[in-house]
Structure formats: C-alpha cells, structure tokens
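K.L.:
Please see the structure below; I have some questions.
The values are calculated or read from the model by the stated rules, or taken from the named source; none is laboratory data. Computed from a predicted structure; not experimentally measured. Methodologically, a virtual Cβ is constructed for each residue, glycine included, from the backbone with ideal geometry; neighbour enumeration extends over all protein chains shown. Note: accessible area is taken over every heavy atom of the protein model, side chains too, but ligands, DNA and RNA are not part of it. Shrake-Rupley method; radii C 1.70, N 1.55, O 1.52, S 1.80 Å.
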Amino acid sequence: MKILVLGNGAREHAICQALGKSSKNPEVISYANAHNPGIAQIAKTVEIGDLMDFQHLTRFAKNEKPDFAILGPDDPIATGAADELNKIGIPSVGPTKKLARLESSKSFARKLLDKYDVPGNPKHKTFFTEEGIREFSQECGEIVIKYDGLAGGKGVQVQGDHFSTLDEGLAYAQECLRKSGKVVIEEKLIGQEFSLMFFVDGNSLTPMPAVQDNKRAFVNDRGPNTGGMGTISDADHSLPFLTPKDIQQAKDISIRAIGALQAECDEPFKGILFGGFMVTKKGVKLIEYNVRFGDPESLNVLPLLSTDFVDVCEAIIGGTLAETNVEFFQQATVCKYVVPEGYPDTPVKDVAIVLDESEVPEEVEIFYASVDKKNNELLLQGSRAIAFTGIADTLAEAQYLAETATKAVKGPVFHREDIGTAELITSRIEMMKKIRTS
Ligand code: AMP
Ligand code: GLY
C-alpha cells in the first residue's frame, strides 16, 4: 500500500508517524513545499513543490500511484486538491473544494447553520457595505470582526484584544470590505475555548479526544495570536473545565452541521472535521469549523490513536467508520511548541539551533515543523519550529515531560512555560465556575 501525505508541518509529521506505526507497513510518500527532517525519516519519497501547484502535485501522484492521499493544510484543501486527485482516480482523506467552504468562508458556515436550524451560532451578520454595521454592533455589545476567507489565523479581530472602541473596529471592518467585499460581525462570546475533531466518512462522525489550544504568543495569554503555542488533552478525553454535557453539545452540533453541509453540497464529506467551540453561560457555541487536522491539536491526539491509522483512513474513504472500532489510549497529553525569538511578528530565520534528543524524555514525541536540516544543522525557518508532546497518566506529568523536553533545544527560541501547568488550568476551571454560576 502507498499513501501520499500533502504538507510539511508538524501536523504532517504526526500523520506520517501514525502511518509509520501501522501494521500494514504502507509506503509513505510526501508532497511538501519544504524539507521536514521528521517526515524525511519516514517517507520513502519526498517531492518538493508548491502545495498549490496542482499540476505538479497530480503529475507526481500519477507517477507514484498512491492508494489514497491525506491532505494536511487548509489552502490546498480549500482550492480543490481533493477534486484534482479524484480526477486521476486517487481518493483523499480531505474534503472537496465545495465542502471545504465550511472552513474557507466564515459567512458560508454561519449561513449554513442558520438555514438548517443547527444550534451553536452566536448572534452574527454578514455585511456587504458599511450600512447597518454600527447599529448591529451596538446590539451585540462587544463584537468580533471576521475577514471572510482564509487568512492564516490573522483575519479575526476581537474587541478588547485587538481593538477597543467601536470606531477602531469599524476601521477594520472597512478594510475587510475593501479586500473581499464582505465582512462578518459577531457577538463576542465569553468562556473557555476547546477543539473537538472528528473522523468523517460521509455517513457518520467519530470523535477524537477534546483538546485546548493556547493561541497567544506569551505566558499568561499575553501577546499576539499565533497558529497555536501548545495544547492539552486529559486522560478522560475531555478537559478539566468541561462537563460531559458540553462535549455532547459539541458532538450534536457537529453531526447536524455535517448533515447540513452534505445536503447543501450534495456530496459526502470524507476527511477531518475540526470544530473550535466556546463553552459559555448559554451552553456550547461554535467559533469556527476547519476541515483538516488542527496543528497542534493533531500532535496530541494522533499519538494516542490505538487503532491502526491506515484502517481509520480506509474507513473514511470507504464509508465504513460506523463498523470500525476507533480507540485512543486513556492518557493525558501536553504539547509545547518551541518557536524562534521574535515569533510571530519578527522571527529570526536561517539561524541554527541544536536539539539534543538524548535530553528528551522517552515518553515525549518530537514533531518537526518549520526547521530545515542542512549539513546536520537544524535551521529555523521563521515559523513554529519543533513541538514536543508529553504523554502520561496525568496532565501534571505530561506537562513536566513536555517542559523538560523543551530544554533540549539550544538557540534563539522560546516557548510557553505555563501551558498545561496546574496554575493555568486552575484559573480556567475557576473562570468557568464563575461563568456557569453567574
Ligand atoms: P477563528 O479564526 O474564527 O477561529 O477565530 C480566531 C480566534 O478568535 C478564536 O480562536 C477565538 O479566540 C476568537 N474568536 C472568534 N470568534 C469569536 C467569538 N464570536 N467570540 C469570541 N472570540 C472569538
Ligand atoms: N490550532 C488551530 C488550527 O490548527 O487552526
């Protein structure tokens, strides 16, 4: 069996690693726009090319004839990588362009949920001109302003975090209107965020353990937003501030959202659904859907998957997930990213770092991201560099393991020491207690 993995980040390293553990011994081939030292150790062939160059991608795929592809990043999925591979007879774990609008258009996702009466939307409205934005924003109280397209995590501005007054917000709304002719305005939700990902096969959804990401660059949730500095998941596959009812609500919303999406597009969704949710005083609300594995979220859950990942992928493609017993080890994970100094705004680049793997505890998985290996040296490429996932019976132990592992990297880098610590988790439990009882 041969499997093509598209993408070259830590998420794709984790995908390759999960495939590498399969008893079916698949031959892994990679189409990547940069070298990844982790993927290089697993993949038999690595083709370097632009992820958006579908001619190059399909030429490579035609020659290699993989049994199926696993699509990592959002941009090629949103642009139709699955459609192009389908045309040459290669199925994908990853949805078509039409279905991917669930992620690539915020207004499409909100409208879809409304049209099919799926619960979970906050108060929201899409505007095509400035008319009425001020009045609607005042109705919402505090607002969030969203650019209506993929923006690498930088399209969303939250009142109180990115701007303070309504006038400042309106200036950003105008910028969005100028760029794309549309802007989404939403009520600002207050609570704790969590990620819930699902395997989806066109018929049913199988949930993965819930994860919480930490998007701010610096300790105590300060600094700019990033792609995610680190993530936690608990041994019971929930999070310390969630109730079973919260997880159930997120599942119910997602089952209905996939039903709505498939009805609207008249196509089966085969791939990964990744919901970003907020648990609020009024229950669980949807922040956004993505149609791919999260990064870092996948670095927590893929190492816990105890079912053969190849079987899971085949069930997604074949529509047989309901008959496949998908299981995860009951362990806690804490993932921490080591990033270049200056990240995310002015990161150092092409500077060498040293990772002494002998200093990384055995119970830690290492995932390479934006680092190149030249002459046996690891060179920072400007984005998140290396992730460490500690795996243990408790969050406290997993945190200790991940933190210890970060110390094995020497060079101009930093990470968030607070992710997964008792102090940060307790503050989030306390916050939710207050919100639920207020
Ligand atoms: P998104 O790209 O939609 O996931 O938004 C990025 C981040 O903005 C989320 O992770 C949240 O922290 C924040 N955010 C988005 N929508 C809302 C909302 N309606 N209320 C509060 N925060 C939000
Ligand atoms: N961790 C957030 C994302 O993958 O979009």
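K.L.:
Could you size up the charge dipole of the range 230-383 around its Cα centre, putting +1 on the beta carbon of Lys and Arg and -1 on that of Asp and Glu, and report it in debye to the nearest 20?
P.N.:
780
K.L.:
Could you work out the relative contact order of the chain, using alpha carbon pairs under 8 angstrom and six or more residues apart, expressed as a whole percent?
P.N.:
Over the chain, the number comes to 16 percent.
K.L.:
Using the heavy atoms of the protein chains and a 1.4 angstrom probe, tell me the accessible area per residue for the range 226-334 in square angstrom.
P.N.:
In whole numbers, the range 226-334 has 32 Å² accessible per residue.
K.L.:
I'd like the Kirkwood hydrodynamic radius of the chain, using the inverse of the mean 1/r over distinct C-alpha pairs, in Å.
P.N.:
22.1
K.L.:
In the chain, what percent of the accessible surface is made up of carbon and sulfur (1.4 Å probe, ligands and nucleic acids excluded)? Walk me through the numbers before you get to the answer.
P.N.:
On the way: 8610 of 18050 Å².
Carbon with sulfur: 48 percent of the solvent-accessible area.
K.L.:
Let me ask another. Using alpha-carbon pairs under 8 Å, 6+ residues apart, how would you state the relative contact order of the range 221-367 in percent?
P.N.:
On the way: 136 pairs, mean separation 43.0, N = 147.
In percent, rounded to a whole number, it is 29.
K.L.:
Using alpha-carbon positions, what is the distance between the centroids of the range 382-434 and the range 315-369, in Å?
P.N.:
12
K.L.:
Using the alpha-carbon centroid of each, what span in Å lies between the range 216-257 and the range 65-129?
P.N.:
Spelled out, the Cα-based centre of one part sits 21 Å from the other.
K.L.:
May I ask which residue of Q192, G283, Y400 lies farthest towards the positive end of the charge dipole of the chain, with charges of +1 (Lys, Arg) and -1 (Asp, Glu) on Cβ and the Cα centre as origin?
P.N.:
The residue sitting most towards the positive pole is G283.
K.L.:
To the nearest 20 debye, what charge dipole does the chain have about its Cα centre, counting +1 at the Cβ of each Lys and Arg and -1 at the Cβ of each Asp and Glu?
P.N.:
Details: 48 positive and 63 negative charges, 177 e Å.
Its charge dipole is roughly 840 debye.
K.L.:
Which three lengths, in whole Å and largest first, does the range 343-438 cover when its Cα atoms are put on their principal axes?
P.N.:
For the range 343-438, the Cα spread along each principal axis is 57, 33, 16 Å.
K.L.:
If eta is 1.002 mPa s and T is 20 °C, what Stokes-Einstein diffusion coefficient results for the range 150-264, Kirkwood Rh from Cα pairs, in µm²/s?
P.N.:
127
K.L.:
Next up: Averaging sequence separations of C-alpha pairs under 8 Å and six or more residues apart, then dividing by the length of the range 19-81, give the relative contact order as a whole percent.
P.N.:
Across the range 19-81, relative contact order equals 24 percent.
K.L.:
Counting other Cβ atoms within 10 Å of each Cβ, which chymotrypsin sites (Phe, Trp or Tyr not before Pro) in the range 68-119 have at most 16 and sit in a DSSP loop?
P.N.:
On the way: sites: F68, F108, Y116; in loops: Y116.
Within the range 68-119, the qualifying chymotrypsin sites (Phe, Trp or Tyr not before Pro) (loop, at most 16 other Cβ atoms within 10 Å) are Y116.
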